[in-house]
1. Give, rounded to the nearest 20 debye, the magnitude of the charge dipole that the range 26-67 has about its Cα centre when Lys and Arg contribute +1 at Cβ and Asp and Glu contribute -1 at Cβ.
2. Give me the distance in nm between label points sitting 7 Å out from Cα along the Cα-to-Cβ direction at Ile60 and Thr105, one decimal.
3. Excluding Ile127 itself, what net charge comes from residues whose Cβ is under 13 Å from its Cβ, given Lys and Arg +1 and Asp and Glu -1?
4. Calculate the spin-label point distance for Asn67 paired with Ser81, positioning each point 7 Å from the Cα along the beta-carbon direction, and give it in nanometres.
Amino acid sequence: LHTLFPYTTLFRSLQTVSLHPDNEFFTTNINLENGTKLKLSDFVTVDKSLTDSFKNGTYITPATSVNNKYLQSQVISYIKSMHDTTLINDFNWRDSSLPGCSYLTKNSIGISASLTYALGNHAEFEINLKNVNNNICLFH
């Protein structure tokens, strides 16, 4: 994984003045060896093991709700209650249909999942690479 570590760009748009939390999140992962765009499924197996790790990952609190502990707890509860099939479909659909929902750091994988409008449209969680070691794939 480390020899083929991709280049990741990450864009966050935060609205601080609105009636509800609204955060946009886009990523692009590029394989530096051949310049191709990578989806989440290009570097990890998207399955129940990944969704379990995602549900137990670290919630990345958007700047618009950093002081809103109630909203944070609602987001975490909502994610933990999601069916694994729903998350798997969401991860696969979003990475192929939108600019992206995943990124890599030196120690983790960041993944965004769809949320209801009232909860801010998406939730971003980071998973330590050690927790998804069995899911890591070779790039194609």
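Nothing in this text is a laboratory measurement; each read-out follows from the coordinates by a stated rule. On a predicted model such as this, the values are computed, not experimentally measured, just so you know. When we count neighbours, we look across all protein chains shown, and the Cβ atoms used for this are built from the backbone with ideal geometry, even at glycine.
1. 120 debye
2. 0.7 nm
3. Neighbourhood net charge equals -1.
4. 2.8 nm
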